[in-house]
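Asks: Right, I'll just put the structure down here and ask away after.
The values are calculated or read from the model by the stated rules, or taken from the named source; none is laboratory data. This one's a predicted model, so the numbers in the text were calculated from it and none came from an experiment. Cβ: placed from backbone, ideal geometry, glycine included. Neighbour counts: every protein chain shown. In case anyone asks, the SASA skips ligands and DNA or RNA and just uses the protein heavy atoms, side chains included. Shrake-Rupley method; radii C 1.70, N 1.55, O 1.52, S 1.80 Å.
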Amino acid sequence: MRNVLITLLTCCFVQAAFAQGAPMSKAQGEQFEQELLKSTANTRTLQSDFTQYKHMDLLTKDIVSSGTMSFRSPNTVKWAYTKPYDYSIIFKDGMMKVNDGGRKSEMDIGSHKLLAQVSDMMTKSVRGDLFKDPAFNVSLFSGPKYDVVVLKPKDKELAGYVKQLELNFGKEDRKIVELKIIEPGDDHTRIVISNLKTNPALDDAVFAH
Amino acid sequence: MRFLLISLLVPLLLQACSPATTKGMTEQRSAVATVNNPYFSRTDVDYLYKMNIQFGDRNFGGLLVVKKLDDQRHRVVLMGEMGNKFLDLTMGQGRTVKNFAIPELDKRPLIHVLGTDLAMMVHENVPVRGEFEADGTAVFLSRQGEGRQYLFFARPTGELQRVVRRGYGKERVELKFTPGAEGSASHITITHLTRPLTIDLDRINN
């Protein structure tokens, strides 16, 4: 009986330790990086739907919202929420532009270290080159469905807000399918990307404020 | 003649001293020890609101989550639409505890103002110190620290419609509830009457 219990517990611990998959070897990591760079090298624009799940231990169920994401190289990202409210946020050239149900505002995020880092993370996570960022400790995992990049901030201030980021990439096309931001208390925001289109025509009107 | 003058002056003086909040209302002995604010009274409900704070010409938006923890305490979390937490407070038993705040909001006066307003909004069983009645409205007086709160209930529905906080002889804050589905409030407005601050909350059905 004791052995059964130990075996069961060991299985649980192993499963928890490799929730993102098994750690990649150095060779696997280098290959993954090359494939990701190749996949994103010719990416000028991206557009997708997204569903966001905000998990807080406090709540009985996750807060769910959804909308569309648009990206234009090198550093313009728009997250437009359409359910359950209309809200859009554009990160572009060091500025953050918000349209909150018709109320518009702009903010220079250069002087706001945290916002600047969040903006940078968002852009790089969509672009796929976040794992090269010197501000993070990067670990790579190979899961059954996706390959996972786990980033832990080196900066203590940022680590006070973000414990780690997890980016899931498709094994075949190396496109981002899921982004998870985990807070120090383990509450997290999970954004699931769907209907991702590479290099659609996105004119200025898409990013108009 | 002297008694006649006093008997005429006393009611006039009393009326002049009665606060504008209950002016024209009849004070009566209250039969209840507490009144109930029902809008955040269920532990099994996640109360989720779209929030807008207008301070002067500046505007700040986000989501507000309220969760009743037990009979005494509520937890209130303000976050961005992208899920990033701004402020996390636990309130109840006459005090507010800060669990988390981003640097931009981690200012004692700001947390005090927001904490006081939100505590007033979620306070469930409010002790009664007096009662007034007028034209289909029952008003219950409660003392909260240095200030007073007046809770306005519609007759005969018993709906809590608004709460007014007074301090230092003035109405300071007015809170209005619009009742919604399942006993919650569909819309809440918190208006500061002595500073240019308004907070609007719209219920989101998640």
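Asks: Suppose each label sits 7 Å from its Cα in the direction of the beta carbon; what would the residue A:93-residue A:156 distance come out to in nanometres?
Replies: Once both label points are built, they end up 3.7 nm from each other.
Asks: Pop out the ³J(HN,Hα) list for the range A:29-39 in order, Karplus 6.51 cos²θ - 1.76 cosθ + 1.60 with θ = phi - 60°, rounded to Hz; leave Gly and Pro as x.
Replies: Karplus-based 3J(HN,Hα) across the range A:29-39 equals x, 5, 5, 4, 4, 4, 5, 5, 5, 5, 5 Hz.
Asks: How big is the charge dipole of the protein assembly as shown about its Cα centre, in debye rounded to the nearest 20, if each Lys and Arg gets +1 on its Cβ and each Asp and Glu gets -1 on its Cβ?
Replies: Numbers: 55 positive and 48 negative charges, 146 e Å.
Magnitude of the dipole: close to 700 debye.
Asks: A drop of at least 20 square angstrom in accessible area, chain alone versus all protein chains together, probe 1.4 Å. Which residues of the range B:182-206 meet that?
Replies: Buried by 20 Å² or more upon assembly, which counts only protein chains, are B:204, B:206.
Asks: Using Cα atoms only, what is the angle between the long axis of helix B:2-17 and the major principal axis of chain B, expressed in degrees (0 to 90) to the nearest 10?
Replies: Its long axis makes an angle of about 10 degrees.
Asks: Also, quick follow-up: With 28 Å as the limit, write out which pairs from A:78/B:68; A:154/B:67; A:124/A:154 have Cα-Cα distances beyond it, or answer none. Please report the intermediate quantities before stating the final value.
Replies: On the way: A:78/B:68 35 Å; A:154/B:67 33 Å; A:124/A:154 17 Å.
Table pairs above 28 Å Cα-Cα are A:78/B:68; A:154/B:67.
Asks: Restricting things to alpha carbons, find the Rg to Rh ratio for the range A:143-209 using the Kirkwood radius for Rh. All intermediate terms of the calculation are to be shown ahead of the outcome.
Replies: Working: Rg = 15.2 Å, Rh = 14.0 Å.
Radius of gyration over Kirkwood radius for the range A:143-209 works out to 1.09.
Asks: Please compute the length gained on full extension between residue B:72 and residue B:125, using 0.36 nm multiplied by the number of residues separating them and subtracting their Cα-Cα distance.
Replies: Values: separation 53, 0.36 × 53 = 19.08 nm, distance 0.88 nm.
So the extension gain works out to 18.2 nm.
Asks: Using +1 at the Cβ of each Lys and Arg and -1 at the Cβ of each Asp and Glu in the protein assembly as shown, identify which of B:168, A:139, B:87 lies farthest towards the dipole's positive end.
Replies: Ranked along the dipole, the leading option is B:168.
Asks: Just the Cα atoms of the protein assembly as shown: what Rg and Dmax do they give in Å?
Replies: 27.0, 108
Asks: Run down the lysines and flag those whose C-alpha is under 29 Å from the C-alpha of residue B:23, throwing out any fewer than 8 positions away in its chain.
Replies: B:170, B:176
Asks: Sticking with this one: Leaving ligands, DNA and RNA out of it, report the carbon-plus-sulfur percent of the accessible area of the protein assembly as shown at a 1.4 Å probe. Present the calculation step by step, with values, prior to reporting the outcome.
Replies: Numbers: 11680 of 21900 Å².
Heavy-atom surface of the protein assembly as shown belonging to carbon and sulfur, 1.4 Å probe: 53 percent.
Asks: Hey, another quick one. First measure r as the distance between the Cβ atoms of residue A:186 and residue B:178, then evaluate 1/(1 + (r/R0)^6) with R0 = 25 Å and state the FRET efficiency to the nearest 0.05. Kindly include the intermediate steps, with their values, before the conclusion.
Replies: Working: r = 36 Å, r/R0 = 1.42.
Efficiency, rounded to the nearest 0.05: 0.10.
Asks: Could you check the spin-label model distance between residue B:105 and residue A:208? Points 7 Å from the Cα along Cα→Cβ, value in nm.
Replies: Modelled inter-label distance: 3.3 nm.
Asks: Kindly report the accessible area of the protein assembly as shown per residue (heavy atoms of protein chains, probe 1.4 Å, no ligands, DNA or RNA), in Å². Before the final figure, lay out the partial values.
Replies: On the way: 21900 Å² over 415 residues.
On a per-residue basis, 53 Å².
Asks: Let me ask you something else. To the nearest hundred square angstrom, how large is the accessible surface buried between A and B, total for both chains, probe 1.4 angstrom? Provide the component values of the computation, followed by the final result.
Replies: Details: alone 12030 and 12100 Å², together 21900 Å².
That pair hides around 2200 Å² of surface in total.
Asks: Tell me, what HN-Hα J-couplings in whole Hz come from the Karplus equation 6.51 cos²θ - 1.76 cosθ + 1.60 at θ = phi - 60° for each residue of the range B:51-59, using x for Gly and Pro?
Replies: Once rounded to whole Hz, the list reads 10, 9, 10, 10, 10, x, 9, 9, 10.
Asks: Also, quick follow-up: Going by amide H atoms built from the backbone, whose H comes under 5 Å of the H on residue A:175, apart from near neighbours?
Replies: Here the answer is A:170, since their amide H atoms fall under 5 Å of that of residue A:175.
Asks: To test your reading of the geometry: what angle, between 0 and 90 degrees and rounded to tens, separates the Cα axis of helix B:108-122 from the longest principal axis of chain B?
Replies: 70
Asks: Note the per residue figure in Å³ for the convex hull of the C-alpha positions in chain B. Write out the running numbers ahead of the final one.
Replies: On the way: hull volume 28.8 nm³, N = 206.
About 140 Å³ per residue, rounded to a whole number.
Asks: If the cut-off is a Cα-Cα distance under 18 Å, which lysines reach residue A:26, setting aside same-chain residues fewer than 8 apart in sequence?
Replies: A:132, A:171
Asks: Excluding same-chain residues fewer than 8 positions from residue B:107, which lysines have a Cα within less than 20 Å of its Cα?
Replies: Partners within reach: A:113, B:85, B:98.
Asks: Would you calculate the separation in nanometres between label points at residue B:55 and residue B:198, each defined as 7 Å from the Cα along the Cα-to-beta-carbon direction?
Replies: It works out to 1.7 nm between the two label points.
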